[in-house]
Amino acid sequence: MKNIVILISGGGSNMAAIVRCAQRDAWAEKYGAQIACVISNKADAKGLVFAREQGIATEVLDHKAFATREEFDASLAALIDRYDSLAAPALVVLAGFMRILTPAFTAKFAGRMTNIHPSLLPAFPGLHTHQRAIYAGCKFAGVTVHMVTAELDHGPILAQAVVPVLPDDTADALAARVLTQEHVIYPRAVASLLSA
Ligand code: GAR
């Protein structure tokens, strides 16, 4: 089995979309892949509830318990390794995981770690993407799935989806429109990596 480990920090709706897609499209039979674990850096992340309901193993690793970013990332990497399958490298899927990663961590999972970012990269890396797109007068916004490299919100683009920015849009309204597309493209992008 190819083990997929999904990292979240909050609602986990992208993680849920991936889990549902894996069930619906029988990733176990099709790709020999399973969602082995959902890890959150926050104990109260709502997504953990969904994962547990689905019978998926969950882990919490609170970043506040670590003195440095390096120590947290080293423990996180060790935790992920526990779900690394022997037969094939695990895919690490960042789904609303709101942490800046150290170079050692990104190097360790190079080529097998993906992220979803709510903008049309390379535009608007970082935070507050929707408000920044509205302030900039963008007529279109969207979402990007990319491989993770050492540089924040960079790395080879796997998939993008575009939505219109409507007159009088608020950041929340735009975020909700983008999120519906996130749920479409992220499972698809993961599936195409598994089938490659
Ligand atoms: C999503 O919009 C995702 O693109 C974004 O956080 C949200 C998480 O939602 N990620 C980032 O901003 C990463 N820089 P979810 O927890 O419901 O999937």
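The values are calculated or read from the model by the stated rules, or taken from the named source; none is laboratory data. Just so we're clear, the structure is a prediction, and the values are computed from it rather than from any experiment. In this analysis, Cβ positions are derived from the backbone assuming ideal geometry, glycine residues included, and neighbour counts consider all displayed protein chains. These accessible areas exclude ligands, DNA and RNA; they are computed on the full protein's heavy atoms, side chains included. Shrake-Rupley method; radii C 1.70, N 1.55, O 1.52, S 1.80 Å.
Look at (1) crowded, with 19+ Cβ neighbours inside 10 Å; (2) in a loop (DSSP other than H, G, I, E, B) and you find that ALA123 fails only one, number (1).
For region 128-173, a residue qualifies if it is hydroxyl-bearing (Ser, Thr, Tyr) and surrounded by 14 or more Cβ atoms within 10 Å (Cβ to Cβ), and the qualifying residues are THR129, THR144, THR149. Can you tell me which residue within region 14-38, out of those that are assigned to a strand (DSSP E or B) and within 22 Å of THR144 (Cα to Cα), is nearest to the chain's Cα centre (by Cα)? Looking at the filtered set, the residue picked out is VAL38. Taking the criterion of being in contact with a helix residue (DSSP H, G or I) (Cβ under 9 Å, 6 or more places away or on another chain) and open to solvent by 10 Å² or more (accessible area, probe 1.4 Å), the residues of region 107-116 that qualify are LYS108, ARG112, ILE116. The set of residues in region 1-21 that are open to solvent by 20 Å² or more (accessible area, probe 1.4 Å) and within 15 Å of the ligand (Cβ to nearest atom) comprises GLY10, GLY11, SER13, ARG20. The single condition from (1) in contact (Cβ under 8 Å) with a residue 24 or more places away in the chain; (2) over 22 Å from ARG188 (Cα atoms) that ALA43 fails is (1). Take the residues of region 45-69 that are open to solvent by 50 Å² or more (accessible area, probe 1.4 Å), over 16 Å from the mean Cα position of the chain (by Cα) and over 21 Å from ILE100 (Cβ atoms): which is farthest from the ligand (Cβ to nearest atom)? Here the answer is GLY55.
Among the residues of region 75-83, is there at least one that is more than 12 Å from the ligand (Cβ to nearest atom), aromatic (Phe, Trp, Tyr) and either at pLDDT 95 or above or touching a helix residue (DSSP H, G or I) at 6+ places or on another chain (Cβ under 7 Å) (or both)? Taking every residue of region 75-83 in turn, none turns out to be more than 12 Å from the ligand (Cβ to nearest atom), aromatic (Phe, Trp, Tyr) and either at pLDDT 95 or above or touching a helix residue (DSSP H, G or I) at 6+ places or on another chain (Cβ under 7 Å) (or both).
Name the residue, out of PHE109, PHE140, that is modelled with pLDDT of 95 or more, away from the ligand (no atom under 14 Å from the Cβ) and within 22 Å of TYR31 (Cα to Cα). Criteria check complete, one pass: PHE109. How many residues are open to solvent by less than 50 Å² (accessible area, probe 1.4 Å), within 16 Å of the ligand (Cβ to nearest atom) and assigned to a loop (DSSP other than H, G, I, E, B) if we restrict to region 84-101? So the answer is 5.
If the condition is being crowded, with 17+ Cβ neighbours inside 10 Å and of a type outside the set (Gly, Ala, Ser), then region 29-44 contributes TYR31, ILE35, CYS37, VAL38, ILE39, ASN41, LYS42.
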